[in-house]
1. Picking from Lys205, Lys234, which residue would you name as being basic (Lys, Arg) and assigned to a loop (DSSP other than H, G, I, E, B)?
2. Quick one: which residue in Leu236, Leu153, Leu164 is hydrophobic (A, V, I, L, M, F, W, C), touching a Ser or Thr at 6+ places or on another chain (Cβ under 9 Å) and at pLDDT 95 or above?
3. Can you name the condition, by its number, that Pro148 falls short on among (1) surrounded by 21 or more Cβ atoms within 10 Å (Cβ to Cβ); (2) farther than 19 Å from Cys240 by Cβ?
4. For the range 47-69, indicate whether the set of residues that are among the hydroxyl-bearing types (Ser, Thr, Tyr), part of a strand (DSSP E or B) and at pLDDT 80 or above is non-empty.
5. If you go through the range 174-227, how many residues are more than 18 Å from Val262 (Cα to Cα), open to solvent by 20 Å² or more (accessible area, probe 1.4 Å) and among the acidic types (Asp, Glu)?
6. From Lys122, Lys150, which residue is assigned to a strand (DSSP E or B) and either at negative phi or charged (D, E, K, R) (or both)?
7. Please go through the range 250-287 and give me each residue that is over 17 Å from the mean Cα position of the chain (by Cα), closer than 24 Å to Gln43 by Cβ and hydroxyl-bearing (Ser, Thr, Tyr), ordered by number.
8. Working carefully through the options Lys87, Lys91, Lys67, Lys82, find the one that is touching a residue at least 60 places away in the same chain (Cβ under 8 Å), more than 16 Å from Val262 (Cα to Cα) and of a type in the set (D, E, K, R).
Amino acid sequence: MKTEIKPSRTIILTLSILSFITYFSGIIRHDIPENKYLRLAKQKQFDCVGQIFTGTSGGSCILITDKFVLSAAHIFLDSDTKTDTLKMDGKSMITFSPLNIRVTDVSKIYILIKGQKVKAKKLTLHPAYLDSLTKGSCDIALIELEQPLKNILPAKLNTAFDELNSNVVGVGYGVSGPADRPDLVAPHNKKIAGENVVDSLSGAKYSGYETLMLCDLDHPSKQECNKMGSSQPKPLEYVCSGGDSGGGLFRQKNNTWELIGVCSGSNVDITILMKTGYYGQTMRWTRVSLFTEWINQQ
């Protein structure tokens, strides 16, 4: 059963822009072989990250118990589309404005983790998400599965509000390619993991805390690409991509890996994209620490 949402013109425009931005998100360092990113994704602590499908589209997800996964709320909004033309620097770009926005029918959702495919039993979007679409806050969803998954270690949830400046690893199934060659970026259905640093906290506040963690993609030699934090890139520096939405951001604390974020997409500056590709672009992750009480209540 679908829940009909009647958004304002502002929300429709925002979702149109977000849809455009999410597709053009970034990627891996051009000077590092992709197989190093693929190997990182195969480490056992990231087995809990899988794919989620919603009928016509999908994203990534994280197993947090044998019967529950976390993902991003925005990937569970279906809509009809209206084609528009956007003028930018004298060039025309085609965008798709969503109409008749509605929550995805749970019967269409299934997840795939380590070769195990299971249907969703119940979908719960955070109640504040649909009230804050224009702010992009509380972009988190919980999915109960019809049956438990076996032999996969669920992610441990972070409960501390100390994420700033953390060294992190993002994991998901987004489009991929070298950051300096946007023309080579494409969906390859690969599980890729990359490193970064939580440079800033942002977004609308929830329970008195900012809801988002931000990271930028630093260039190995061009410091002018730096937007926040240190300009020195990590050995496997990356930024999340279209399809990574709902994927996990992890850090190692006291010799234990914990989930600190759920991928909410990227902020792409088209002017920068034309000059330096994906270098200098930023990504957004919803802070898990703010929502552990809500998760446990479900």
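The values are calculated or read from the model by the stated rules, or taken from the named source; none is laboratory data. Every value quoted in this text rests on a predicted model; they were computed, and no experiment measured them. When we count neighbours, we look across all protein chains shown, and the Cβ atoms used for this are built from the backbone with ideal geometry, even at glycine. SASA here: full protein model, heavy atoms, side chains in, ligands and nucleic acids out. Shrake-Rupley method; radii C 1.70, N 1.55, O 1.52, S 1.80 Å.
1. Only one candidate passes the filter, namely Lys234.
2. Going through Leu236, Leu153, Leu164 in turn, the sole match is Leu164.
3. (1)
4. Among the residues of the range 47-69, at least one is among the hydroxyl-bearing types (Ser, Thr, Tyr), part of a strand (DSSP E or B) and at pLDDT 80 or above, which makes the answer yes.
5. 3
6. Sole residue among the options that is assigned to a strand (DSSP E or B) and either at negative phi or charged (D, E, K, R) (or both): Lys122.
7. Correct list: Thr256 only.
8. Only one candidate passes the filter, namely Lys67.
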